[in-house]
Structures are given as C-alpha cells and as structure tokens.
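Comments concern the structure below.
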C-alpha cells in the first residue's frame, strides 16, 4: 500500500495536510517520516516523571504543533489537551491522558517506521 494512503488509514487527515503542503505529496511523506525521531526526542512523560514540567510543557507544545501541521489529528487533539493540563499545573490529568495516548502514538510511529528505507 502507498505510504500516504496508509497514513490516511492511520488517522492522518491527508486531504487537509496536502492543502497545507500545496499538494506536494513527496514533501508531506518526507515530513511524516521525520516524525519518529522527533517524537522520540520529545519525551513528555519522562520529563513529567522527572518533575521538569517546564520542559514537559514545551515538548508537549512542540508535539502539538508538529501533529497539527501534519494533520495527525489524534495526536494534535491529545497534545492540545496535555499542553493545556500542564500549563494549568494539572499534572495528574496530563499524565493520565498521555498514558492513554502513548499506545496509539507508538503504533502510529511503528507504522511510519515500517515504510522507512534503510
């Protein structure tokens, strides 16, 4: 199956993303394939567990923006709420939602990685 089609099946609003990318499918694919490394480097839960709420909030905000720009809807919606919870210092709610989001996020990243060329 085609990468963009697979991303659409995985919850990416590819029509919206392609509007933002002026129809450039290759560029959208390139940017989506960069997500795994970015997500790995922005470990929100790690920083929450280390009580570094400032970094956790910054990273959640970055993930929200990345997901929004790429139209990864489930991640955008989750990280919008997580960022809001962290800014409101509701660490318990942020942690709970993050732990609920991570399995789907990990599946999504694994799907992208399955298309990576070596």
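Roughly how many whole Å is it from the C-alpha centroid of the stretch 84-99 to that of the stretch 9-44?
Cα centroid of the stretch 84-99 versus Cα centroid of the stretch 9-44: 25 Å apart.
When only C-alpha pairs under 8 Å and at least 6 residues apart count, what is the relative contact order of the chain, in percent?
26 percent
Treat each spin label as a single point 7 Å out from the Cα along the C-beta direction, and report the residue 15 to residue 87 distance in nm.
Here the modelled spin labels are 3.0 nm apart.
Using alpha carbons only, how many degrees (0 to 90, rounded to 10) separate the axis of helix 73-87 from the longest principal axis of the chain?
20 degrees
Round to the nearest 10 and give me the degree value, 0 to 90, for the angle of helix 53-69's Cα axis relative to the longest principal axis of the chain.
Roughly 20 degrees, rounded to the nearest 10.
Based on DSSP H runs of at least 4 residues, each adding -39500 (n - 2.57), what is the mean residue ellipticity at 222 nm of the chain after dividing by all its residues, to the nearest 500 deg cm²/dmol?
Taken over the chain, the calculation gives -25000 deg cm²/dmol.
Kindly express, to the nearest 10 degrees and within the range 0 to 90, the angle between helix 91-113's C-alpha long axis and the longest C-alpha principal axis of the chain.
Computed tilt is about 20 degrees.
At R0 = 35 Å, how high is the FRET efficiency between residue 51 and residue 115 if r is their beta carbon distance? Nearest 0.05 is fine.
0.45
Throughout, read-outs are computed from the coordinates displayed, never taken from laboratory work. This one's a predicted model, so the numbers in the text were calculated from it and none came from an experiment. All Cβ positions, even for glycine, are placed from backbone atoms using ideal geometry, and neighbour counts span all protein chains on display.
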